Amino acid sequence: MLKIQEIREIIKLVDSSSIDEFVYEVDDTKVKLKKNSGTTVIAEAPAQVVKAVTAPAAQVVEAPKAPAASVAEKAAAPAPKVEVANDASLHKIVSPMVGTYYQSPNPESPAFVQVGDKVGEESIVCIVEAMKLFNEIEAEVKGEIVEVLVKDGELVEYGQPLFLVKEN
């Protein structure tokens, strides 16, 4: 069974691509997305149907069960915006893709970097998961982490700043 966050990622990827229709089937789960038709129908097992009405600026998600609805409401709520300092001396490490940000390789491990840590150009600072692929993100600059702009497990957009680095 697909999670709401995975479905949202698929919707964003299809929306940003040039394809008009996407179908994904595994066992009893089927996901079918059509662009520009106004509605998207997602069926998980024969008895459950989740409808998402998409518009250019917003998504409305209706789910058949109360727990799924609460997850959908949390997922649909806009993330709090973090003010990014416009200090020209700070380098922004940005997300190269849409996905889920992880600060460590697994929940039991410490974060790759924290505020005050020194990084090199090839230092891994985080992981961004997109469609079950875990992509290691490198600092690409030599310096010190000044601020972490996202929280562990948060959905990030393409080009979204993740870290501020004071270059050496």
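Just so you know, the averaged projected area of the alpha carbon convex hull for the stretch 120-168 sits at 3.5 nm².
Looking at this model, which pairs from 118/151; 32/151; 12/142 are more than 24 angstrom apart at the alpha-carbon? With Cα atoms farther than 24 Å apart: 32/151; 12/142. Measuring only protein heavy atoms, the 1.4 Å probe finds residue 92 accessible over about 80 Å².
Would you tally the net charge around residue 121, using a Cβ to Cβ cut-off of less than 10 Å, leaving residue 121 out, and scoring K and R as +1, D and E as -1? All intermediate terms of the calculation are to be shown ahead of the outcome.
Numbers: positive: 142; negative: 122, 138, 140.
Computed value for this residue: -2.
Gain on full extension, evaluated as 0.36 nm per residue between residue 32 and residue 109 minus their Cα-Cα distance, stands at 24.1 nm.
The values are calculated or read from the model by the stated rules, or taken from the named source; none is laboratory data. No experiment lies behind these values; they were computed from the predicted model shown. Every residue, glycine as well, gets a Cβ built from its backbone with ideal geometry; the counts of neighbours run over all protein chains shown. Please note that ligands, DNA and RNA were not included when accessible areas were found on the heavy atoms of the full protein model with its side chains. Shrake-Rupley method; radii C 1.70, N 1.55, O 1.52, S 1.80 Å.
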